[in-house]
Each structure stands twice: as C-alpha cells, then as structure tokens.
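No lab work stands behind these numbers, since they all come straight from the coordinates. It should be emphasised that the depicted structure is a prediction, and the values quoted were computed from it without experimental measurement. Glycine also receives a Cβ, built like all others from the backbone with ideal geometry; neighbour counts cover every protein chain displayed.
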Amino acid sequence: MKLAGVIPVILLCLASYSPQVHAQVVQPVKNKNANTQNRLEKLNFPRSGAPTGRRQGAASRNGCPDVKQPVTALVPGEGSVNESISFLTLTVSEYPTFWVYLPDLPTNLRSGEFVFQDERGRNIYKTFLTLPQKSGVIGMTLPQNPQYALRQDNKYQWYFKVYCGNPENTSDYYYVKAWVQKVALTPNLESQLKAAKPEEYTVYAVNQIWQDALTSLADMRRTNSGSSVLTQDWTNLLKAVGLEEFANAPIVGRYGVER
C-alpha cells in the first residue's frame, strides 16, 4: 500500500520538471577515461538568426598583401572567404574571451586591434595589440571592469583587425566581425558545471554556449598540452562548426588576462 502511494507522487514530479538551461540539456561527462571518439562528436551550433558577421577576414581596401589562409574568427558560421558569415554565439560570462586564427603574415604585419561594441555600434572597449611572430590561435579577453561587463540578454559585436602597415598611417587591414549574446547562468546549468569539473567545456558545448566552451577547453589545453583527450575534444569542437582545419594550430597568444 505504501508503494502505491509513492508512485503517483514520482510521476507528478516528473511531469512538472522543466529544464532551465538555455539550450539542450544532457548529463555532463563524468568518466574521465571515456573513449575520445565518443566525446563531443555530435555537437550542433545552428545559425541563430540575425545579426550575423564576417567569419573569415577580407581586406578593408586593396593595400593588403595576399596571405595563404585568411584571418578567421573561431565562431560558428559558413561560407568562403568572399562570402563568409559568422553566427551569433552565446556566453554566460560577463567578461568573455574571443578567439581568432592568425595565418602566416609578412614580418611587417604585427599590429592588430580588438574592438568591442554594443548592438548600436558604440565602442565599449578597444585596444591595439602586438601580434605574435608565428601563426596560430590568439584569445582576447575583456578587462574585468564593470564598464565593460556584458549585460544579460544583450547582444554585442566585436571586430578584430590586422593592419597592413602602421595603424596610425593606414586604413588598410584584414578584419573579422562576430556577434555574442549573454545568457543566464541558470541553477540547472550551474549544477551541471559543478558536476563536470574540471571539464566544464563539455557542458557548455552541449548547451550551445560556444564562447565559454571554446575558452574553457583552450585554457585546459594550454596547461595540458600532452593530453590526447583534450586534443581530440578540441578537434571535435572545431569540427562541429566547420573549422577543423585549424585544430592543429597552436595557441600563440592570450591578451587581457595574466596566464
């Protein structure tokens, strides 16, 4: 008789349960020795509507030399260099990090600029950067200052430029442009992240929170460069957005934070 009374209560609880995470909800990876072939292989970062940007860099004018590969924002998107589109990404961070692939550049192209704007195109933050001497991936983090903090549900745009000469004397540059939106860190998502430590990126990824998945995994790779699991996960994550050609590129720069 006691069992008969418990079952309806269980069914009622299940019927009233509603996930609060922004996107799809799955259990975080708990098996640290899981087969790398089964991790992060079926991720989906679909086009999320407007606004869109430019994932692969084009020259602002004709004064830039040809490069073998384009400057590329590591974000979901589609298309070729001439018709490249970047999709809106998500973050739960107030001060997210944005990632770009830099190709081999002529030795005189070492001046870059990162610009972060609100939805109306007003500058929130911008800084000039001295670029690394070799090709690879770089990350740019917003300074942890309240004036730069992202507000929940707001959309922002960011640019990265590589100047073809002295930025004070030229308007020629390669550039990429992308959009990001801050979403809520719900109790459900926070619980999943705690359970997944130190592999929080797995939870961000399956919930389509691209910026934080990429940053979390990139930071782990920098401190565990010999891990085959992290290498495979990095490859799978980039493959999910059609950027697997950059999976072997080293991380050569991190701006805005002490690392």
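Key figures for this structure:
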read-out: Cβ-Cβ FRET estimate between I124 and E83, R0 fixed at 25 Å, reported to 0.05; value: 0.30
read-out: For A73, net neighbour charge (Lys/Arg +1, Asp/Glu -1) across residues whose Cβ lies under 9 Å away; value: +3
read-out: Per DSSP, loop GluC sites (Glu not before Pro) in the range 145-210 with at most 14 further Cβ within 10 Å; value: E168
read-out: Given K126/K197; K126/K194; K194/K239; K68/K194, the pairs whose alpha carbons are separated by over 31 Å; value: K126/K197; K126/K194; K68/K194
read-out: Label-point gap, in nm, between N224 and A149 - each point 7 angstrom along Cα→Cβ; value: 3.1 nm
